Amino acid sequence: MKRRDFLKSALTASAVVGAAGCGGGAGGEGPAVSTQKKVRWRLTSSFPRSLDTLYGAAEFLCQRVSEMSGGNFEIRAYPAGELVPGLEVLDAVQQGTVQVGQSASYYYIGKNPALAFDCCVPFGMTARQNSAWLHEGGGLELLRELFSDYSIINFPAGNTGAQMGGWFKREISGLADLSGLKMRIPGLGGEVMSRLGVSVQVLAGGEIYPALERGAIDATEWVGPYDDEKLGFHQVASFYYYPGWWEPGPSLSFYANKKAFESLSSEYQAIFTAACREAELIMTARYDALNPPALARLLSAGVKLRPFADDIMSAAKAESLALLEESASADPGYRKIYDHWRGAKDDMNRWFATAELAYARAAYGQPL
Ligand code: CA
């Protein structure tokens, strides 16, 4: 190195040291140039890497947290099963095995049925309504009280939008055709389907395709065109029904271990919160962008698209609301969240039935 270059770089280096060194300044209350502590967290997801819409939001969160902290706050994401099984994410965050989780809170209704309101319930809110209730309607505060029982702070993490009703090997022309039908459908949707006469089967993701192929089940639901296409259900069941009234706008969640979150600096807490919000918006946008071309591909492969018959929709709605009322009657804690949620939903439904619905009817045209 030439002497002049050496001097120049030595000066630059001392200038940087000087800036950091005198940062304490007149106030004497710590450095003005913050020396950010290195933080390393782990995230475990309920979803496989192949579901890039869902798992992609976890990877996005990690990337944004790193970028916004200049690489000082790093979160490493692990897909379902690598650290802990996909349906044990809440437990892993509660116990502090990991600092963050990505999951769907309706997986944990066995712990407390009211956890479903953090995700969705049959004939519940759409993605937009859910976001309004959570962020601006007081829903998130109520749910955070519930999650504090598990030492978790929950953050909305995105939404799939209204899901599809799923894949059926034969045509379902009305309520009577549901009787005895063997369908893979988990959770509260399964509970309502069972009241409508369906023989409900619970199968993990990888078991569904072979069961449908060999006729062990007659139907299955999954998510929507983009995710369903990857699993190839259209190769073994040709009728694709809509809508998935049991999942009109399921909201995914990030879970932060309360102690871990509270140990972060206020800057890192703000970075994590902002990155969650960004990941939330991106997931929904991705689904809305990726589903239309996926549906077009499925239709060109010969899939027959069908709406559920009116008698199915009205019976399903009545049974869904009855189920929610029964749960509310059984538990005052559930009742508190349910009443708040239902008030917000009914108000928003009246509003959405006005300008939004009139516009949608006029502008959307007929389904494909
Ligand atoms: Ca589903």
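The values are calculated or read from the model by the stated rules, or taken from the named source; none is laboratory data. Predicted model only: the values in this text are computed from it and were never measured. Don't worry about glycine lacking a Cβ; one is built from the backbone with ideal geometry, like all the others, and counts go over all protein chains shown. For the accessible areas, the whole protein counts, side chains as well, though only heavy atoms, and no ligand, DNA or RNA atoms are used. Shrake-Rupley method; radii C 1.70, N 1.55, O 1.52, S 1.80 Å.
How high is the relative contact order of the chain, in percent, counting Cα pairs under 8 Å that sit 6 or more residues apart?
With pairs under 8 Å counted, the relative contact order is 21 percent.
For region 102-242, what does the alpha-carbon gyration tensor say about shape, rounded, prolate or oblate, given a ≥ b ≥ c as the root eigenvalues, a/c under 1.5 as rounded, and a/b over b/c as prolate?
Prolate.
If you rank Val84, Val98 by how much accessible surface each has, with a 1.4 Å probe, what is the order from largest down?
Val84, Val98
Filter the trypsin sites (Lys or Arg not before Pro) in region 31-110 down to the DSSP loop ones having no more than 15 other Cβ atoms within 10 Å, then list what survives.
Of the trypsin sites (Lys or Arg not before Pro), the ones in loops of region 31-110 whose Cβ has at most 15 other Cβ atoms within 10 Å are Lys37, Lys38.
Using only Cα atoms, locate the centre of region 326-368 and the centre of region 172-215, then give the distance between them in Å, rounded to an integer.
What the calculation gives is 25 Å, centre to centre.
Once the Cα atoms of helix 52-68 and of the chain are each reduced to a long axis, what angle between those two axes, in degrees from 0 to 90 to the nearest 10, is obtained?
Orientation of helix 52-68: about 20 degrees from the principal axis.
For the Cα atoms of the chain, what angle does the longest principal axis make with the long axis of helix 266-300, in degrees from 0 to 90, nearest 10?
The helix 266-300 is inclined about 40 degrees to the chain.
In Å³ and rounded to a whole number, note down the convex hull volume per residue for the Cα atoms of the chain.
Convex hull volume per residue, Cα atoms: 199 Å³.
Which lysines, on any chain, are close to Lys169 with Cα under 27 Å apart, when same-chain ones fewer than 8 places away are left out?
The qualifying lysines are Lys182, Lys230, Lys304, Lys317.
State in Å² the accessible area per residue of the chain; use a 1.4 Å probe, count heavy atoms of protein chains only, and round to the nearest integer.
Heavy-atom SASA per residue in the chain reads 47 Å².
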